Amino acid sequence: MAATFLAFGAAVQEAGLSPGWALLACWGIYGMPGQLVLVQAAAAGWAGGVGAAVMGAVAVNARFLPMAVSLAPILTAGDRRRLLPAVPFIAVTPWAAAMRTLPSIERSLRVRWFLGFGMTSWVVAGTAALSGFYIAGALGAEARAALLFVNPLYYALLLTADLDKAAPRRAVLCGAAAAGLVLVLPPAMALLAAGLLGGSVAFLLGRGRGVG
C-alpha cells in the first residue's frame, strides 16, 4: 500500500502541485482512483470546473458503498452509530483486512480493531504520498513509469490472498473473462462495463448455487 501512495506522491509532483495538496487529497479522500481524478483535473487547470472534478472523484470511489454495506454487520450487531468514526477509513486495504480478520475477533473489540488498523493505514498512506512527492525528482522516467503499475499489482495480490474461497474466485474469474470488453468499447466506459458485467455474473452464479 505504501508503494501505491509513493506513486501518488510522485504523480502530484509531476503535475506541478504542492506537497500540502498531496496530503490533503490523500487524507481527505483516501481512495486512489478519486485522488488521481483530482490530480488530473488540477493539473489541467480545473477544465470543466471543480464541481465536475469532485463528482468524478465521487463516482470512481462509489465502490466504498458496497464495502461499507458488507462490513457493517461484521463490525457490530448493536448501535450502528458506533460505526460513524470508522466511515473515513473504509477503503480497499482496511476493508480487505477486516473481512479476513474480524470474524475471528470478539465482536465487542471489532470496532476498535478496525479503527486502529484504519488509522495506521491512513497515516502510512499520507507519509508515503509525501515521501513520493519529494523523491520523485530523484527517480528516472523508467522508475516513475514502473510506479504506475504498483497499484494494479497491489490489488491483484489482495485478490490472490482469497482465491481459496469460492466467492472471490468467481469474482476474479468472471472479471478476467469480462476484461475483453476494454478492446471493443470506448475507453471512457470500458473498465466500468467490464466490472459491472463481471461482478453481476459472479453474483448471479453465487445466487444460483445458493451461496450468495
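The values are calculated or read from the model by the stated rules, or taken from the named source; none is laboratory data. Since this is a predicted model, take the numbers as computed values, not measurements. With ideal geometry, Cβ positions are generated from the backbone for all residues, glycine too; neighbour counts draw on all protein chains shown. To get the accessible areas, we keep the full protein, side chains included, count just its heavy atoms, and leave off ligands, DNA and RNA. Shrake-Rupley method; radii C 1.70, N 1.55, O 1.52, S 1.80 Å.
Protection proxy ranking, highest mean first, for peptides 12-21, 43-52: 12-21, 43-52, where packing is the per-residue count of other beta-carbon atoms within 10 Å, averaged. From most to least packed by mean Cβ count within 10 Å, the peptides 79-92, 127-140 give 127-140, 79-92.
Measuring how big the range 52-166 is from its alpha-carbon positions, Rg and Dmax come out at 16.8, 52 Å.
For the range 162-212, the alpha-carbon radius of gyration amounts to 1.20 times the rule-of-thumb value 2.2 N^0.38 Å expected for a compact globular protein.
Using only alpha-carbon positions, what ratio does the radius of gyration of the chain give when scaled by 2.2 N^0.38 Å? Could the numbers behind the result be given before it?
On the way: Rg = 18.4 Å, N = 212, 2.2 N^0.38 = 16.8 Å.
This ratio for the chain stands at 1.09.
Computed per residue of the chain from DSSP H runs no shorter than four, each worth -39500 (n - 2.57), the mean residue ellipticity at 222 nm is -22500 deg cm²/dmol.
Put simply, the Cα atoms of the range 1-77 extend 46, 29, 15 Å along their principal axes, the longest span coming first. Short-range pairs are left out: with C-alpha atoms under 8 Å and at least six residues apart, the relative contact order of the range 1-66 is 28 percent. Relative to one another, the C-alpha centroids of the range 1-79 and the range 141-189 are positioned 19 Å apart. Listed peptides 63-73, 111-121 appear in the order 111-121, 63-73 once ranked by packing, highest mean of other Cβ atoms within 10 Å at the front.
Give me the dipole magnitude in Debye, nearest 20, for the range 63-192 about the Cα centre, with unit charges on the beta carbon: positive for Lys and Arg, negative for Asp and Glu.
On the way: 12 positive and 5 negative charges, 89 e Å.
My answer is approximately 420 debye.
For the range 65-212, with all protein chains present and a 1.4 Å probe, just round the carbon and sulfur fraction of the accessible area to a whole percent. Within the range 65-212, the accessible surface is 73 percent carbon and sulfur.
Per residue, the chain exposes an accessible area of 56 Å² to a 1.4 Å probe, with every protein chain left in place.
Across the range 2-160, the mean sequence separation of Cα contacts (distance under 8 Å, 6 or more residues apart), normalised by length, yields a relative contact order of 42 percent.
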